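Everything on this sheet refers to the single structure shown next.
The values are calculated or read from the model by the stated rules, or taken from the named source; none is laboratory data. Everything quoted here is computed from the prediction, not taken from an experiment. Positions of Cβ are backbone-derived with ideal geometry, glycine not excepted, and every protein chain shown enters the neighbour counts.
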Amino acid sequence: MALTALIVLPLLGGIAALFLQRFGRDAERWFSIAVLAAALVALVVAWVGAPPEDAPGPQWLAMVRYQYAPALGLQFLLAMDGLSAALVAVSLALGIVSVIISWNIRKDSGLFHACLLWTVAASNGVFLAMDLLFFAFFWELMLVPSFLLISIWGHGDREAVALKFLVFNAVAGLGLLAAVFWMAATAPEITFDAFVFAEMGIPPVAQVWLLLGFSLAFLTKLPAPPLHAWLPDAHTMAPTAGSILLAGLLLKTGAYGLFRFPGMLFPDGFHVLAPYGLALGAFGTIYGAVLACGQTDAKRLVAYTSIAHMSIVLMGLAGGVHFAMMGAGVEMIAHAFSASALFLLIGALYDRTGTRDLRELGGLQQTAPRFAAAFAVFFSAALAMPGTANFLGEALVITGMFQVNWVLAAVALVSLVVSVVYATRLLKRIVFGAPIRACVVQDLTWSELGPIVVLATGTLLFGLLPQLLLVVLEPAVDAALAPLARP
Amino acid sequence: MSGFLTAALVLAAGLFAVGLFGLVARRGVLFQIIALEIMLTGPALAFVAAGAHHGDPAGQGMFVFVLVLAASEVALGLALYLRLARHADAGDSDTIRELRR
Amino acid sequence: MLTPFLALLLVPAPAMGAFLLLGLGPAELNRRAVQTVALVGAVLPAVVMLPLGAYCLMGTCDGIQPIFDLTVGDAVVALALKLDPLSAIVGVTVTLIGACVIGYSIDYMAKAEVPDLRRYFALMNLFLASMLCMVLAGDSIVLFLGWELMGLCSFFLIAYHVTSSRAIAAGRKAFVITRVADAFLLAALLLLFLEAGNVRLDALIPAGIAADELRQGLIAALILAGALGKSAQLPFHTWLPSAMAGPTPVSALLHSATMVAAGAFLLARFAPLMQAVPLVMALTAVLGAATALFGAASAVFQKDVKRLLAYSSISQIGFMLLALGLGEPEVAIAHFVVHAIFKSLLFLSAGDITQIARGTTDISAMRGALWSRPLAFVAFAAGAASLAGIPLVTAGWFSKEAILAAAWLAGPFGVVLWLVAMTAAVLTATYAFRPVFTGLTRIGRPRPSLGGIFTNLPIALLAVATFAVAPLVEPIMEFLGGAAPHPPHAVELVGAAAPFLGIALAAALTFVPGLSLRVARARRMRSGIRIDGIYQVIIVQPFVKMVRWLTGQRGGIADPVGSIPVLVAQRLTAAAIRPLAHDPLDRGWMGLGAGMVRAWGAGRRIQSGRVRDYALALALGLALLLLIAWGTTWR
């Protein structure tokens, strides 16, 4: 029941938020926070509750199964393991952060908050649904509010960029949909239950094609080159809250899909395609990092670093070894925190100066020391300083790569070095230097500092006490790897 | 069919046709109302003749009904005519073409 | 469990706490509070570390303080701090030097704005805490944590003058190059972790020794590469001379006890593993000797005191690497201790003198220092004497002599190294005494002045220490489990003569006008035989070109790979969709629509509005219906 609430609460809350605007100033904002907080409570309830009896494995913490239209094989099936729980927690937390930092949005504020809540609801749906039809439904549903967020509240050429985002992801989503329907059609009796598919024994050749279909959707969302072109544009033009949700939730759904399904449904296909995934990840991490070094728009720079970091996640997921998989899980969470925080900071800077052009910024160190300190903290996270969760993730992935192939490990290490180049560039242009033009800005306000402190705490806490995260992820990783070990 | 009934029906049809012609050909509203009255007598005659032929009193009942109808129609028609005459100052139905718009 | 080793946790803690309070704490602090916090954070580690060192001296000196354990898969990640002779000696050195340098900074940085001061002290304390973490680490994770954080701090501290683009560039250069070294070290540590399934150093080193030859060699080479980068040895040395852009106390800490010296400590820590791979050991010795000579030779030609001292550090750590490569880590660590003392002394006293000379750090700023700033100058001279290795009285002589002896005793290969090192030793005395002789020249009528207590106390303490440690050098080696090597007396005598030869050379270079002019003109030597320029051409420029090409700043397509799907989609539109844009079916439908509009226009005419017309239509319609009805009755 609590699991259903994780999706239904924000979904209905979004509808209510549409109308709340007229009931008082900021009513919809407080309401959105309340809804997300209630969802957090629901998450805790689901997490600590007794493990489900009918679950197919010990890693599942909670499960909901409701026969929806049995004749059509439709059922409402949600299941949560450690990874889903962690990602849902992150998505709810980032939802609250997004509401707080969007306090100055006045245009159609009701619809804005509805979009925020719907994005959270849909991504929670993706993280929890184990019925693949619902999974695909939430997968596509996620695009709509994000599209609106970019096209209504974005900057610059927002309509075109929103369309690019939508076209890329919707077209790629077709691969997922086609694969799901093919599986449903070949099942002994029609169903969309992932657990049934896992036991079905899909022929190896079909597995390769199905995995390709799934991967098309997942890799586009991740995004892995060459399917990443939508991301820098979308990040740059989206409002700050949109960027945060994009980096913190949407990209993670791609990684989550690659974590959950290839091993579970297509172990044979995985063995065939994993080398290509590794190569793609290795290429992407260098490519993203190098491109980040040359950007002049601060948000674009961070967007390309996202590509680099998510490519490391891809390497970890395609590695198929325990360390790498754990690392990928940790890196997902860590990147959600650090990238969101950087977008938040750059957004706050943009609100004050009206520019994100690195050539026009500078001197925060002298005019706004708190701002500079916050930048420095997440700068360290972006270049995977030990003590941050990002380091934990990348070190685990590299460890795994040493088990898979030393060349890949070397590539990942090179990307660590390049990360210093782009990170110091960001710092040099924004924080250091003499204050230029309008950069004599107001320091971070308390309402901005709050989310920053939360995100920094998350980054450092999981970096310094990794067991908090590893204990949660380990059963999920073991379960994801178990089918791969079968001959 | 008896010759009487045929003759009565032909007469009824003739009366109807005369009335219809009057309705379509004349432009004066008053004449059109009169033509309508003539039209109504045709079916009334047909009812009476058919009732007599079948020996059924319902035919005469229908005639009374038609009479009532004709009376109410004349009342309504004349009231309309008065309205028109006052409003548009004309007894010519062709000048009143508001429906066209 | 309460053991004395619990105190290990308290060693880096005060410095870390001071960092958190100053760097990330939200409270507003005034100047006095900032200075107090910084000083307390810097002195407390020494207060905790000294009894621990004494405890270590007295008896069992092998303790582990676990932090936490966790398992990842089959592997155990057990974080811990560790006290053994090596970490005790180095820990005591680092805490003492750290306390001296940070104390000195209070006066030196007195003119800084409060926010800048706060940032400065926060980073200095973090720097100290990271080095202590690394030194006391009992496992590879804490070791690497300290190692990396030092790189981060060095970046921020070198770029302390945030408005100077030169300082920022120097910081970036330092960070990128040391990060390359970090990547090597990380690779080595992760490979060891995979071998051992554990992160404790006690397990890693035996596992590394037990590994197959290829892996063992690779791991040792990677560790060496990591140490070379962090210690600014050939071929990674270029970042250190540029790093002088930071404030002088930063250089003092960076060069003497932390960061740069960390490479030597790392190799000493992994000495058993390194010794299992003779090839890497030989490489270490050769690179160490080469760097020692290269650094000393470059230092001779420097015009700037701080750059001179930077090349001096490169050279001195080359000596340590030489000892490490010869299998004498104890000797190397003894030199580490001695070097830490005299190098911080040199930097602090030079900083004091040059600060009086209105900020210029040119050697000429030293002119007349004996009269204008007597205490600092005498301290500088003491440091220089130790650096040059004046026999019997200075600590520098004992440790350097041990290194030279170790080289002599290492067979024919060693004699070559001895020759190289001996040349370096002569040059060391030369460059060490050039500023001293410059300081002796009197200009004008200077008024002697004395700095504040925070300037003088650390300088005086360190100056005394350079001599006081002299008799302790051999005991330190023995405490670490080694013995001071002693070559034939003739060789020792040659070694003792080297400093004097060097000093004579320095006098000649300073006072003979022709020679000093030649030194001033030797640009190539001054820029470290331009290795920087070579890197610029073969690495930096191609990288910049690649970045500019990929981001479309050179006229190409921005993000070419990302554009592929977009271009493909556009092509597809052109090839497949555009011909169908004039869809015949669609046109049929559209034509029908247009036809309906026309038909409607025609049909509209029937609507005349005349009652008579409508009546006629009704009648005709009725007639038609009647006709049809009639027609249906036909047979």
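Annotations for the structure displayed:
- Out of C:164, C:140, sole residue that is over 19 Å from residue C:253 (Cβ atoms), in contact with a helix residue (DSSP H, G or I) (Cβ under 8 Å, 6 or more places away or on another chain) and surrounded by fewer than 22 Cβ atoms within 10 Å (Cβ to Cβ): C:164
- Yes/no for residue B:83 being within 12 Å of chain C (Cβ to nearest Cβ), surrounded by fewer than 12 Cβ atoms within 10 Å (Cβ to Cβ), at pLDDT below 90 and out of contact with any helix residue (DSSP H, G or I) (no Cβ under 8 Å at 6 or more places or on another chain): no
- Inside segment C:161-179, residues that are part of a helix (DSSP H, G or I), more than 7 Å from every other protein chain (Cβ to nearest Cβ) and not charged (D, E, K, R) make up a count of 8.
- Subset of segment A:207-238 that is of a type in the set (S, T, N, Q) and away from chain C (no Cβ under 14 Å) - its residue that is farthest from residue A:182 (Cα to Cα): A:215
- Filter pass, residue A:338 being within 14 Å of another protein chain (Cβ to nearest Cβ) and surrounded by 24 or more Cβ atoms within 10 Å (Cβ to Cβ): no
- Long-range neighbours under 6 Å by Cβ, at least six apart or interchain, first residue closer than 15 Å to residue A:310 by Cα and at the interface with another protein chain (Cβ under 10 Å from one of its Cβ atoms) within segment A:389-411, second part of a helix (DSSP H, G or I) and of a type in the set (Phe, Trp, Tyr): A:396/A:323
- The listed residue being in a helix (DSSP H, G or I) and in contact with a helix residue (DSSP H, G or I) (Cβ under 7 Å, 6 or more places away or on another chain), out of A:31, A:76: A:31
- First in segment A:316-331 and touching a residue at least 40 places away in the same chain (Cβ under 8 Å), second anywhere and hydroxyl-bearing (Ser, Thr, Tyr), Cβ under 6 Å, 6 or more apart: A:323/A:399
- Residues being of a type outside the set (Phe, Trp, Tyr) and either surrounded by fewer than 20 Cβ atoms within 10 Å (Cβ to Cβ) or not assigned by TED's automatic domain parsing to the domain that holds residue C:371 (or both) - total across segment C:427-446: 7
- Helices (runs of 4 or more DSSP H) contained in segment C:273-377 and holding at least 3 residues farther than 22 Å from residue C:103 by Cβ and aliphatic (A, V, I, L, M): C:278-300, C:305-325, C:329-356
- Test: residue in segment A:211-226 that is touching a Pro at 6+ places or on another chain (Cβ under 8 Å) and over 30 Å from residue A:186 (Cα atoms): yes
- Checking each residue in segment A:89-109 for being on the phi < 0 side of the Ramachandran plot, not in a helix (DSSP H, G or I) and not basic (Lys, Arg) picks out A:102, A:103, A:104, A:105.
- Single match in A:167, A:126, A:161, A:171 (criterion: within 24 Å of residue A:247 (Cβ to Cβ), among the β-branched types (Val, Ile, Thr) and modelled with pLDDT of 90 or more): A:126
- Near pairs, Cβ below 7 angstrom, 6+ apart or cross-chain, from segment C:7-28 (away from chain A (no Cβ under 12 Å)) to any residue that is aromatic (Phe, Trp, Tyr) and buried (at least 21 other Cβ atoms within 10 Å of the Cβ): none
- Filter pass, residue A:461 being at the interface with chain C (Cβ under 9 Å from one of its Cβ atoms) and either at pLDDT below 90 or at positive phi (or both): no
- Scanning segment A:1-27 for residues that are farther than 19 Å from residue A:106 by Cβ and of a type in the set (A, V, I, L, M, F, W, C) yields a total of 12.
- Residue, farthest from residue C:82 (Cα to Cα), within segment C:28-50, restricted to residues that are crowded, with 19+ Cβ neighbours inside 10 Å and not aliphatic (A, V, I, L, M): C:35
- Residue match in segment C:224-236 (condition: closer than 24 Å to residue A:417 by Cβ, within 14 Å of chain A (Cβ to nearest Cβ), in contact (Cβ under 8 Å) with a residue 60 or more places away in the chain and polar (S, T, N, Q)): no
- Residue within segment C:450-462 that is at pLDDT 80 or above, under 30 Å from residue C:249 (Cα atoms), among the aromatic types (Phe, Trp, Tyr) and buried (at least 16 other Cβ atoms within 10 Å of the Cβ) present: yes
- Test set (1) free of Cβ contacts under 8 Å to residues at least 24 places away in the same chain; (2) surrounded by fewer than 24 Cβ atoms within 10 Å (Cβ to Cβ); (3) of a type outside the set (Lys, Arg) - residue A:291 fails condition number: (2)
- Test result for residue C:80, outside any helix (DSSP H, G or I), away from chain A (no Cβ under 14 Å), in contact with a strand residue (DSSP E or B) (Cβ under 9 Å, 6 or more places away or on another chain) and modelled with pLDDT under 85: yes
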